[in-house]
Every structure is written in structure tokens, then in C-alpha cells.
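The next block holds one structure in the form of C-alpha cells; read it before the comments.
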Amino acid sequence: MAERRPVKKKNKPRRFYDYSLLFTVIFLTVFGLVMIYSASSYAAQIKFSNAAYFMERQAMIALGGFVVMIIISKMDYHWYAKFSLLAYVLSYVLMIAVSLVGQERNGKKRWLGVGSLSFQPTEFVKIALIVMLAAMIVQMGRNINTRKGVMSVVLATVPIAGIVAANNLSSGIIIIGIAFVMLFVACKKKWPFFACGFFAVALLAFAGPIAEFLVKINLLHDYQLSRILVWQEPEAYPSTGGFQVLQGLYAIGSGGLVGRGLGESIQKMGFVPEAQNDMIFSIICEELGLFGAVSVILIFLFMIYRFMLIADNAPDLMGSLLVVGVMGHIAIQVILNIAVVTNTIPNTGITLPFISYGGTSVLFLMAEIGMVLGVSNQIRLEV
């Protein structure tokens, strides 16, 4: 009898799912809840007679966001492109609505909602723009390398960024930054982007004179000029605009190498206004010291590394651009938040992703991570 030859098994493709990114998001969210409780317990106890008030609200929204993230991660990301134009148009509708009937807080209309249920449409704009630009660039193909292609992306970004910046300058900057990063990756010629980067640095260096000129021609508000003056010399405004900046810097400086200890911050005792929001990084520095601050930065760098890995191995250009857009959003927001807290740039009111208190922010960030995990789930591995 003839011997049977062993049948070689064909390598079956197996789908990849980036659990490293998933666990990183979970860690940052849980760490954020701990720091929100630590930073806000004093103020929450005085205002609401519940030291865990802010943490409990954030935890409920984060849990809902986690469910949304898992659901989105199991969806085919190509499906988003069908609704990209609708989402983009809806962005304008929401931003116009918030300027007309939005809820006013701290003198600015940034929220839409009824009663205690509200959200910031600017967060929806960011995710809608990422999907819209990804679909747009894929559709243009090689034409994205032409002047007409680049201008199409610019014209799709600048109007909505301008509307957002009218009420929320920091979000307007982030929206421009997202488009910048996506264009940088999509285009072959890189030198124009480096030129824009050097130009931005030059603007920052001469921010004072430029701001004064813009105020004279009514392109900048007085309160925006005051932020720049405070940034340049916060000690000259210790009881007004420079108060928050100085208190944040005191918190950072008093933390030393290993910090005062978790929950031992002094500056959160009414010195740093809204310590659980934009200035939470200063409380991290005070309680956990330089070691804690560097650790947080390294975790965000690891997250960026996972984004790059997924984008590089994505099945197609659409998947890569979606991941690059989310990466640009989170990276820019982290850089700007830390820069504001350390007074490297003027105060613009930017939250630290997954850590600062803010229900709308964490919900839409979770949705964006769901998109990235969805792209990773389409990567096939040969085993």
C-alpha cells in the first residue's frame, strides 16, 4: 500500500485586536478617576456635600463610553464613510445651534442640552471631521498631492474650525491640527508642513505684538489679548488672569521628585480653580512628583506608538487615515494641555485626555478609540 503523504495545513488568517491599546485606555481612565477624586474631593464636599461627586459622574459616563467603544470596535470601519458627509453637515448644524440656543457657562456658549443633560458639540465635530477627511482623501487618491487636492481639504476644515474657534479657541486649534496631521501623512511633499511648523513657532515668539495688532483691527477680543499678556508675565497679574497659572506652577514646583503623596495636594484646597479639569496635570505633579508626571507622559507615548503600529499595518488607506486622525487629536491635546499647565503657551482651556473631568470629552474619545480598535480588528495575521 502506498504511504499517505501528510496534508499540509493551510495557514488560516487570524484577526488582530490591539489589547495593549485597550488596556492602556482602561488604565488611563481608571487613573483619571483616582486623580479626579483626589483633585476635586475638597471642592465637591463643600459644594455638593459629596466628596466623590465628580468622580461618580465621570465613572458613569466612562462606563457608558467603554460600552460604546467595544461596540464600535466590532464594526466595519468602511461603513463610516457612507455617513461622513452627513456627519460633517450635522457638525455645522450643531455649532450654529449652540451659538443660538446653547447653554451659557462661565460667559461662553459651548453646551447643548436640556437641564442637567448636556454635551459639547465641538467633540462631535472632531470625530466627524476625522471620518470626513479620511473618506475625502481616499476618494481623491493621488490627487491629494496636487495643490487643488490640498486646498479641498483646507476648505473643508477652515470654515468649521473658524465657527468652533469663535466660542472655543482651543478646540479650533485642535481641529486645524487634526487636518494638518492627516494631510502630512497623506501628501508626498513634506517641506510645506515643516515650513508651517516653523511659522507657528515664529508666531508664538512674537505673540504679544501680533495680538495687539489683531485687537486693533478687531480680529481678536480683549480677553484673548489678556491671556497672552498673562502668559508672558503671570506675576504681573497675581490676583486676576495670572492666578490660575501661578497656582498651577506652585503645585508643580512643590511636588519635587516623588510628590507629596496621593491625596496630599495643598493647591487643590481652593487655590487652583477647577483643579479636576484643565489643571489636573498640576495636581498630578504635586501629589506624584516628577516621577508621576513622566510616567503619565510615557503612557501617552506608548499609546501613540500603538496608533502608529496600527496605522502602518492597516488593511487600506481609509483605516490608516482614521487612526492617524485619532492619533493627531489625542497627541495635540496632550501636548497643548501640558504646555498650558506649564505656561509654555497661553492658557486656552484644554482637557487632558481620559484623565481630566469632562463627560463629553471622555465619551467621544472612547468612540474614537473604538474606531482605532476596529481598524486593528481588520488586520489579518498568518498563523
Exercise. Considering the range 161-177 alone, what residues qualify as being without any contact (Cβ under 8 Å) to a residue 12 or more places away in the chain and buried (at least 21 other Cβ atoms within 10 Å of the Cβ)?
Worked result: Gly172
For this session: Name the one entry in Val30, Val34 that is surrounded by fewer than 20 Cβ atoms within 10 Å (Cβ to Cβ), in contact (Cβ under 8 Å) with a residue 12 or more places away in the chain, closer than 21 Å to Val296 by Cα and not basic (Lys, Arg).
Result: Val34
Problem set entry | Selected residue (criterion: modelled with the highest pLDDT) from residues of the range 157-171 that are over 11 Å from the mean Cα position of the chain (by Cα) and more than 15 Å from Tyr88 (Cα to Cα) | Ala165
For this session: Specify which of the listed residues (Ala59, Ala2, Ala43, Ala51) is modelled with pLDDT under 90, of a type in the set (Gly, Ala, Ser) and part of a helix (DSSP H, G or I).
Result: Ala43
For this session: Working only within the range 278-305, note down all residues that are crowded, with 20+ Cβ neighbours inside 10 Å and out of contact with any Gly (no Cβ under 7 Å at 6 or more places or on another chain).
Result: Ile280, Phe281, Ile283, Ala293, Val296, Phe300, Met303
Seminar exercise, completed: Across (1) part of a helix (DSSP H, G or I); (2) touching a Phe, Trp or Tyr at 6+ places or on another chain (Cβ under 6 Å); (3) among the aliphatic types (A, V, I, L, M), Leu352 clears everything bar (1)
For this session: Considering every residue within the range 83-98, establish whether at least one is more than 25 Å from Asn168 (Cβ to Cβ), at pLDDT below 90 and surrounded by 13 or more Cβ atoms within 10 Å (Cβ to Cβ).
Result: no
For this session: Kindly indicate which of Phe184, Phe180 is surrounded by 15 or more Cβ atoms within 10 Å (Cβ to Cβ) and more than 30 Å from Ala97 (Cβ to Cβ).
Result: Phe184
Problem set entry | Hits in the range 318-349 - residues which are within 12 Å of Met279 (Cβ to Cβ) and outside any loop (DSSP other than H, G, I, E, B) | Asn337, Ile338, Val340, Val341
Exercise. Quick one: in the range 21-79, which of the residues that are under 20 Å from Asp278 (Cα atoms) and basic (Lys, Arg) is nearest to the chain's Cα centre (by Cα)?
Worked result: Arg57
Exercise. Does Ser20 qualify as being modelled with pLDDT of 85 or more and on the phi > 0 side of the Ramachandran plot?
Worked result: no
Exercise. List, please: which pairs have Cβ atoms under 8 Å, are six or more places apart or on different chains, and start with a residue in the range 284-305 that is among the hydroxyl-bearing types (Ser, Thr, Tyr) and end with one that is in a helix (DSSP H, G or I) and at pLDDT below 95?
Worked result: Ser295/Leu288
Problem set entry | Residues satisfying the stated conditions in the range 231-286, i.e. in contact with a Ser or Thr (Cβ under 8 Å, 6 or more places away or on another chain), in a helix (DSSP H, G or I) and of a type in the set (A, V, I, L, M) | Leu249, Ala251, Ile252, Ile280, Ile283
For this session: Among the numbered conditions (1) within 26 Å of Cys187 (Cα to Cα); (2) surrounded by 22 or more Cβ atoms within 10 Å (Cβ to Cβ); (3) touching a Leu at 6+ places or on another chain (Cβ under 8 Å), tell me where Leu129 comes up short.
Result: (3)
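The values are calculated or read from the model by the stated rules, or taken from the named source; none is laboratory data. Values in this document were obtained by computation on a predicted structure and should not be read as measured data. Every residue, glycine among them, receives a Cβ derived from its backbone with ideal geometry; neighbour counts consider all protein chains shown.
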